[in-house]
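Enquirer: Can you read through this structure? Questions will come right after.
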Amino acid sequence: MRVQPRWSLDALAPLATGLLWLLTGFSEGALLSIVACVIGVPLLATATALLLWPGDRQITHYLALVALPSPVVALLVAPWFGFASLALVAGGLLSFLVAGRVATRQMVLPEGVPPAPLSFGVCRKVATDEALLGFFVSFAHIPRDRAVARDVTDLRALRAYADENDWARTPGALHRTPVAPVDFRLAPKTSQGCRFEWLRFDSGFEPAPDLPGVARWQAHGSNRRMAARIFRHPGGPRPWLICIHGYRMGLDGLDLSLFRANRMHHTLGLNVAMPILPLHGARSIARITGGHFLDGPLADLVHAQAQGLWDLRRLKAWIAAQQPGMPIGALGYSLGGYHAALLAAFEADLACVIAGIPLTDIPAALWRHMPGLHLRYMEAQGISQAELGALMAPVSPLHLAPVVPHERRYIFAATADQLVDPAQPYRLWEHWGRPAMHWYHGSHLSVRRETDLLPFVENALRRHGLLGNPDAG
């Protein structure tokens, strides 16, 4: 574990850059003063907080968020700021790296997780995570006032329901086994250079009517239709891989590049199914994909994960009905890793399950990222992380025993992940009996560019008979 310094001298870079923004802007008139304040004031504020009050995770979120666009803004005002713009560009880039360096240095890791080096590459990757977290926190629906009162009422009712139905001893009883849809539609589509079929069918998810929050959840009309991208080879059957996207994804521009869809389909010869999780993409109910999935009413967290599992199992049943006997594997990233791990607790015949940078404990993630003041308010009203965790046991991969055999379970994770605490995939690794595990020195978002992950994933697919004919059309 790294020794934490009392004073973070890294703060001097954004402190100096923020001061230079203000001094230069105020010497160039009112309009440029406003521009300078938009960048300079947050830099000064976060730098001062780093220097005097280190430890609050949101400091580095907002430092990275404002430092990221600051070099571009500095170039735009170069005609007025002159050579000072060059110093502001350099200061912005350095401030961005400082956010990543401080966040990496402040990480507390389980003993079995190798610490990431404080290198230029790692700090840059971590800073990108931090900027995204700043965006997420800024636009998330943080419960307060009446929303907290609603959550208190819902969770009390959910606790009574859980006690009555003995969730503590039989968490799997919440879930029914779906059947393959008979009424479905397939439509050809081309997007991002990929050709696939757009599969739609009724989700058919019907939770117990007396489960708290059911009426509210089922009122989301667009969410009641399941959607998936289907990549199928002509001719005979092929092995299938179900690729499950992460939080705030479900869009072509994000999912197709993350999973390298053309490589999976054409180069590796797989049939690929890319489902859309509830409240994401075509199933969204908010302006931003994934809105209200993790930042809606707390009781709805149970419904969100339960429907995600139901829809994935129903999709798997559809695949099995289309091409009986073909091996089917699952690969999920982040929130998709969570659902891949849930699948591993119910679908014993999966050829393999690969949980990538997996979120495994949603209450722990919410408590890690939620502003401290709101947490104290919620806890004062009686909402605790432990209580929410207990209520989510039936939809938690850390509480459900895996039925996929040990040798078919795989996990990969990032040593400097800022979105998903590395302790979360580590706990899944322990819960799964320490299966094959790969750690890479990077962040959550850098997973797209980590070339050492490809051999790990493809070796797992090859080992369990999933890879088809290479270079198949």
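The values are calculated or read from the model by the stated rules, or taken from the named source; none is laboratory data. Not measured: the values here are computed from a predicted model. Neighbour counts are summed over all protein chains in view; Cβ atoms, including those assigned to glycine, are modelled from backbone coordinates with ideal geometry. Heavy atoms of the whole protein, side chains included, go into the accessibility calculation; ligands, DNA and RNA do not. Shrake-Rupley method; radii C 1.70, N 1.55, O 1.52, S 1.80 Å.
Enquirer: Over region 20-162, what per residue volume does the convex hull of the Cα atoms give, in whole Å³?
Expert: That works out to 157 Å³ per residue.
Enquirer: Determine the shape class of region 240-322: with a ≥ b ≥ c the square roots of the Cα gyration tensor eigenvalues, call it rounded for a/c under 1.5, and otherwise prolate if a/b is greater than b/c, oblate otherwise.
Expert: Cα axes put region 240-322 in the oblate bin.
Enquirer: What net charge do the residues around R216 carry, taking every other residue with its C-beta under 11 Å from that of R216, with Lys and Arg at +1 and Asp and Glu at -1?
Expert: -1
Enquirer: What's the ranking of 272-280, 22-30 by average number of surrounding C-beta atoms within 10 Å, highest first?
Expert: 272-280, 22-30
Enquirer: I'd like to know which of P297, P397, H369 lies farthest towards the positive end of the charge dipole of the chain, counting +1 on Cβ of Lys and Arg and -1 on Cβ of Asp and Glu.
Expert: So the residue furthest toward the plus end is P397.
Enquirer: Compute the length gained on full extension between R463 and R263: take 0.36 nm times their separation in residues and subtract their Cα-Cα distance, giving the result in nm to one decimal.
Expert: 70.2 nm
Enquirer: Let me know the shape class of region 111-226, please: from the alpha-carbon gyration tensor, a ≥ b ≥ c as square roots of the eigenvalues, rounded when a/c is under 1.5, otherwise prolate if a/b is greater than b/c, or oblate.
Expert: Oblate, because a/c is 1.5 or more while a/b does not exceed b/c.
Enquirer: I've got another one for you. Work through the residues other than G193 whose Cβ is under 15 Å from its Cβ and net out their charges, Lys, Arg +1 and Asp, Glu -1.
Expert: +3
Enquirer: If you place +1 on the Cβ of every Lys and Arg, -1 on the Cβ of every Asp and Glu, and leave all else neutral, what size is the dipole of the chain about its Cα centre, to the nearest 20 Debye?
Expert: It works out to roughly 760 debye.
Enquirer: Then there is this: Only Lys, Arg, Asp and Glu count, each charged at its Cβ (+1, +1, -1, -1), so figure out the dipole size of region 1-121 about its Cα centre, rounded to 20 debye. Don't skip to the end; give the middle numbers.
Expert: Numbers: 5 positive and 4 negative charges, 46 e Å.
Roughly 220 debye, rounded to the nearest 20.
Enquirer: What is the extension gain from T451 to S119, computed as 0.36 nm multiplied by their sequence separation minus the C-alpha to C-alpha distance, in nm to one decimal?
Expert: Taking 0.36 nm per residue and subtracting the Cα distance, the gain is 117.7 nm.
Enquirer: In region 169-278, what % of DSSP beta bridges are antiparallel (nearest 5)?
Expert: Beta bridges within region 169-278, antiparallel portion: roughly 85 percent.
Enquirer: Please compute the Kirkwood hydrodynamic radius over region 285-416, one decimal place, Å, based on all pairs of different Cα atoms. Show your work: numbers first, answer last.
Expert: Details: mean 1/r = 0.0623 Å⁻¹.
One decimal place: 16.1 Å for the Kirkwood radius.
Enquirer: Next up: Simple spin-label model, 7 Å along Cα-to-Cβ: A180 to A90 in nm?
Expert: 6.5
Enquirer: Same structure again: P(r) tail for the chain, what percent of Cα pairs lie past 35 Å?
Expert: Summing the P(r) of the chain above 35 Å gives 36 percent of all pairs.
Enquirer: So for region 340-405, what are the equivalent ellipsoid semi-axes in whole Å, largest first, each being the square root of 5 times an eigenvalue of the Cα gyration tensor?
Expert: So the three semi-axes of region 340-405 are 31, 13, 5 Å.
Enquirer: Note the direction-averaged projected area, equal to a quarter of the hull surface, for the Cα convex hull of region 329-372, in nm².
Expert: 3.0
Enquirer: Something else about it: Extension gain L52-A30, at 0.36 nm per residue separation less the Cα-Cα distance, in nm?
Expert: Result for the pair: 4.8 nm of gain on full extension.
Enquirer: Which FRET efficiency value, to the nearest 0.05, is calculated for D166 and E206 with the Förster distance at 25 angstrom and r the Cβ-Cβ distance?
Expert: The pair D166/E206 has a calculated efficiency of 0.75.
Enquirer: In Å and from the alpha-carbon atoms only, list the Rg and Dmax of region 391-452.
Expert: Using the Cα atoms of region 391-452, the pair Rg, Dmax is 12.7, 38 Å.
Enquirer: Could you sort M249, M226, M437 by accessible area so the largest value comes first, with the probe set to 1.4 Å?
Expert: So the residues, ranked largest to smallest area, are M437, M249, M226.
Enquirer: Nearest 0.05, what FRET efficiency do A157 and A219 give at R0 = 22 Å with Cβ-Cβ as r?
Expert: 0.80
Enquirer: What Kirkwood hydrodynamic radius, in Å, does region 55-112 give when the mean of 1/r is taken over all pairs of distinct Cα atoms and then inverted?
Expert: 12.5
Enquirer: OK, next. Once you list every other residue whose beta carbon is under 9 Å from the beta carbon of M226, what net charge do they have if Lys and Arg are +1 and Asp and Glu are -1?
Expert: +3
Enquirer: For the chain, what does -39500 (n - 2.57) per DSSP helix run (n ≥ 4), summed and divided by total residues, give at 222 nm, in deg cm²/dmol to the nearest 500?
Expert: -14000 deg cm²/dmol
Enquirer: If R₀ is 41 angstrom, what is the calculated FRET efficiency for the pair A320 and A149, using the beta carbon separation as r and rounding to 0.05?
Expert: Efficiency, rounded to the nearest 0.05: 0.35.
Enquirer: While we're here: Name the longest site-free stretch of the chain, where the excluded sites are trypsin sites (Lys or Arg not before Pro) in a DSSP loop with no more than 14 other beta-carbon atoms within 10 Å.
Expert: Answer from the scan: 288-473.
Enquirer: Just how many % of Cα pairs in region 281-362 lie over 22 Å apart, if you round to the nearest whole percent?
Expert: For region 281-362, the fraction of Cα-Cα distances above 22 Å is 29 percent.
Enquirer: Under DSSP H, which helices of the chain have Cα atoms covering 24 Å or more of the helix axis and a Kyte-Doolittle average no less than -1.0?
Expert: The qualifying helices are 30-52, 84-105, 120-139, 146-164, 300-322.
Enquirer: Something else now. Give me the distance between the Cα centres of region 379-416 and region 428-457, rounded to whole Å.
Expert: 18
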